[in-house]
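S.K.: Here's a structure for you.
The values are calculated or read from the model by the stated rules, or taken from the named source; none is laboratory data. None of the values given here were measured: they were computed from a predicted structure. For neighbour counting, all protein chains shown are included, and Cβ atoms are generated from backbone atoms with ideal geometry for every residue, glycine included.
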Amino acid sequence: MPDYSPIDFAVPFFVALVLIEMIWAWRRRPQAYEPRDTLTSLAFGLGSSAAGLLTGAAVLALSLWLYQFRLFDFGAEWWMVWWAWPLCFVLDDLGYYWFHRCAHRVRWFWASHVNHHSSQHYNLSTALRQSWTGFFALSFIFRIPLTLLGFHPAMILFVGAFNLIYQFWIHTEAIGRMPRWFEAVMNTPSHHRVHHATNPIYLDRNYAGTFIVWDRLFGTFQQEGTERIRYGIVRQLGTFNLFWAVFHEWIGIAQDVWRAPWRHKLSYIWRPPGWTHDGSRDTSDMIRARWLERHGETATDGAEKPVPNDNPIAGREKPA
Amino acid sequence: MAFLGQFLASLAAILVLAWIARRMGLGRDIRIRDEQHAQMLADEVICGFEAREIALDRSGRAALLRDHAGRVILVKVHGAQFAGRLLGPGSSATIWEDFGQRSLEADSGERLFGRALLDVDNPENWVSAINGAKVSSHA
Ligand SMILES: [Zn+2]
Ligand SMILES: [Zn+2]
């Protein structure tokens, strides 16, 4: 079994591509980067891989134990079954879609995933802004079905790493649109910009990892329009402090559970982010509904009232 | 120990990248342009927020907005972007006097979100809007 991760090999490429994008930003769009934000994002990436190293062994041990209860068996030489690899990749991507959807809709999972969204910038360094608390949030349970189906845990880890590597390049404003057929099937910078946006109409959309088809299939797809995109989270952090960025939502949960009346305590853990028992905060559904009430359904294609446009991507229609 | 070596190499790479970003002068010096801009930023804090009264800092680094219900939003420049907060029970406002120059300090009450210093007309109104009448001064 390989004891390395493909991600280790990708890191030098990540660094080189961030550098190239910085040069692009320097020439075309200096506001795409903010040095303090970049440092926080990159430190997130480093801390996340350290956390993964600490907890990876436990996840692997659990998976190997569960593997004995598998439904199907690819045989002792499971790695020789060539079609199992692409099949595993596609099914893992489907699993990722549901993990990601839950990560946005259940506050417990969000507390970990919010790390990835806490930057107000959208560039390749944002891609490396990965959670430190994924294990604590029990994110790995979303991969258990695949193990029980009969895919070897090592295979799942391997294709999962490639999925993560795929998602790196789509975190950029330097690419407008890919060719039509590509945009139709694959997750792209355009689709994922929508996912990172806090514009009401874009909230909780485009959960895809590699294939955007899952969003089209399950009704969570949103096309990027022409309005200026704002990135980050509904309640922006307003600080570059790394540790606050890592733990703020966990602290928020703890405070809410502590203060809430007994019968509402659990709701602060499993209900959507922004839910309160007294309606004092907004969930993404409430924000979207209020926005649609004011602007009408027709505005979803970006035909809303013009806002000061400092986003050169908006309005770019033809494929890049 | 291979891990430690890898960790330190990555840490070095991170610091170098951030340093390069700084040397390249990436980021931008942004300001809140006008009241309309401030209103737009407040709408990002609370969707549908309609300001009845706006105090824009003369240098455009921060703004306070109040709606019909008396809710007050503080918007400030944060790096190359903006960030805002609905002020609550933990928030406070103070007027500072320095060589005859009066400025308003709005404290979000959140340690890491911090506070903003605003050079605005009639800061008293905002002090009372944010925390009742609580004026202090220093020379
Ligand atoms: Zn997400
Ligand atoms: Zn992302």
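S.K.: Among the residues of the range A:100-128, what is the count of those that are over 30 Å from residue A:22 (Cβ atoms), within 11 Å of ligand 1 (Cβ to nearest atom) and surrounded by 23 or more Cβ atoms within 10 Å (Cβ to Cβ)?
M.R.: Within the range A:100-128, residues that are over 30 Å from residue A:22 (Cβ atoms), within 11 Å of ligand 1 (Cβ to nearest atom) and surrounded by 23 or more Cβ atoms within 10 Å (Cβ to Cβ) number 1.
S.K.: Then there is this: Given (1) surrounded by 11 or more Cβ atoms within 10 Å (Cβ to Cβ); (2) in a helix (DSSP H, G or I); (3) modelled with pLDDT under 95, where does residue A:57 come up short, assuming only one miss?
M.R.: Of (1) surrounded by 11 or more Cβ atoms within 10 Å (Cβ to Cβ); (2) in a helix (DSSP H, G or I); (3) modelled with pLDDT under 95, only one is false for residue A:57: (1).
S.K.: Count, please, the residues in the range A:179-200 that happen to be over 18 Å from residue A:165 (Cα atoms), away from ligand 1 (no atom under 16 Å from the Cβ) and either free of Cβ contacts under 8 Å to residues at least 12 places away in the same chain or within 14 Å of chain B (Cβ to nearest Cβ) (or both).
M.R.: Qualifying residue count for the region: 2.
S.K.: Considering each of A:94, A:128, A:124 in turn, give the residue that is among the hydrophobic types (A, V, I, L, M, F, W, C) and away from ligand 2 (no atom under 14 Å from the Cβ). Step through it out loud before you land on a result.
M.R.: Values: A:128 fails: away from ligand 2 (no atom under 14 Å from the Cβ); A:124 fails: away from ligand 2 (no atom under 14 Å from the Cβ).
Every option except A:94 fails the conditions.
S.K.: Just give me the residues in the range A:185-203 being assigned to a helix (DSSP H, G or I) and crowded, with 18+ Cβ neighbours inside 10 Å, in sequence order. Explain how you work it out, then say what you get.
M.R.: Of the range A:185-203, the ones assigned to a helix (DSSP H, G or I) are A:185, A:189-196, A:200-202.
Result: A:189, A:190, A:191, A:192, A:193, A:194, A:195, A:196, A:200, A:201, A:202.
S.K.: Can residue A:275 be described as within 13 Å of another protein chain (Cβ to nearest Cβ), surrounded by 17 or more Cβ atoms within 10 Å (Cβ to Cβ) and farther than 25 Å from residue A:172 by Cβ? Spell out the reasoning first.
M.R.: Details: within 13 Å of another protein chain (Cβ to nearest Cβ): no; surrounded by 17 or more Cβ atoms within 10 Å (Cβ to Cβ): yes; farther than 25 Å from residue A:172 by Cβ: yes.
No: the conditions fail for residue A:275.
S.K.: Now, a different point. Within 22 Å of residue A:118 (Cα to Cα) and polar (S, T, N, Q) - does that describe any residue in the range A:4-25?
M.R.: No; the residues of the range A:4-25 include none that is within 22 Å of residue A:118 (Cα to Cα) and polar (S, T, N, Q).
S.K.: While we're looking at this one, here's another question. Tell me, which strands (runs of 3 or more DSSP E) wholly within the range B:79-119 include 2 or more residues that are charged (D, E, K, R) and either under 19 Å from residue B:51 (Cα atoms) or in contact (Cβ under 8 Å) with a residue 40 or more places away in the chain (or both)?
M.R.: Values: elements: B:81-86, B:92-98, B:101-107, B:115-118.
Counting at least 2 such residues, we get B:92-98.
S.K.: Right, here's the next one. Which ones in the range B:30-57 are more than 14 Å from chain A (Cβ to nearest Cβ) and among the acidic types (Asp, Glu)? Walk me through how you get there before you give the answer.
M.R.: Of the residues in the range B:30-57, the ones more than 14 Å from chain A (Cβ to nearest Cβ) are B:51-57.
Result: B:53, B:57.
S.K.: I'm told residue A:119 meets every condition in (1) within 11 Å of chain B (Cβ to nearest Cβ); (2) assigned to a loop (DSSP other than H, G, I, E, B); (3) modelled with pLDDT under 95 except one. Can you identify the failing condition by its number?
M.R.: Answer for residue A:119: the failing condition is (3).
S.K.: Name the residue that is surrounded by the fewest Cβ atoms within 10 Å (Cβ to Cβ), counting only residues in the range A:129-171 that are more than 16 Å from ligand 1 (Cβ to nearest atom) and in a loop (DSSP other than H, G, I, E, B).
M.R.: Selected residue: A:138.
S.K.: Check residue A:53 against each of (1) on the phi > 0 side of the Ramachandran plot; (2) of a type outside the set (Gly, Ala, Ser); (3) within 14 Å of chain B (Cβ to nearest Cβ) and name the one condition it does not meet.
M.R.: Failing condition for residue A:53: (1).
S.K.: How many residues does the range A:172-184 hold that are surrounded by 18 or more Cβ atoms within 10 Å (Cβ to Cβ) and assigned to a helix (DSSP H, G or I)?
M.R.: Of the residues in the range A:172-184, 1 are surrounded by 18 or more Cβ atoms within 10 Å (Cβ to Cβ) and assigned to a helix (DSSP H, G or I).
S.K.: Right, residue A:67: within 16 Å of ligand 2 (Cβ to nearest atom) and away from every other protein chain (no Cβ under 14 Å) or not?
M.R.: Judged against the criteria, residue A:67 is not a match.
S.K.: Here is a list: B:70, B:60, B:27. Which entry is surrounded by 13 or more Cβ atoms within 10 Å (Cβ to Cβ) and more than 8 Å from every other protein chain (Cβ to nearest Cβ)? Reasoning before the result, please.
M.R.: Details: B:70 fails: surrounded by 13 or more Cβ atoms within 10 Å (Cβ to Cβ); B:27 fails: more than 8 Å from every other protein chain (Cβ to nearest Cβ).
The match here is B:60.
S.K.: Testing residue A:157 on (1) touching a Leu at 6+ places or on another chain (Cβ under 6 Å); (2) farther than 21 Å from residue A:195 by Cα, one condition comes back false. Which one is that?
M.R.: (1)
S.K.: Since residue A:93 meets every condition but one in (1) acidic (Asp, Glu); (2) assigned to a helix (DSSP H, G or I); (3) away from ligand 1 (no atom under 16 Å from the Cβ), which condition does it not meet?
M.R.: Going through (1) acidic (Asp, Glu); (2) assigned to a helix (DSSP H, G or I); (3) away from ligand 1 (no atom under 16 Å from the Cβ) one by one, residue A:93 breaks only (3).
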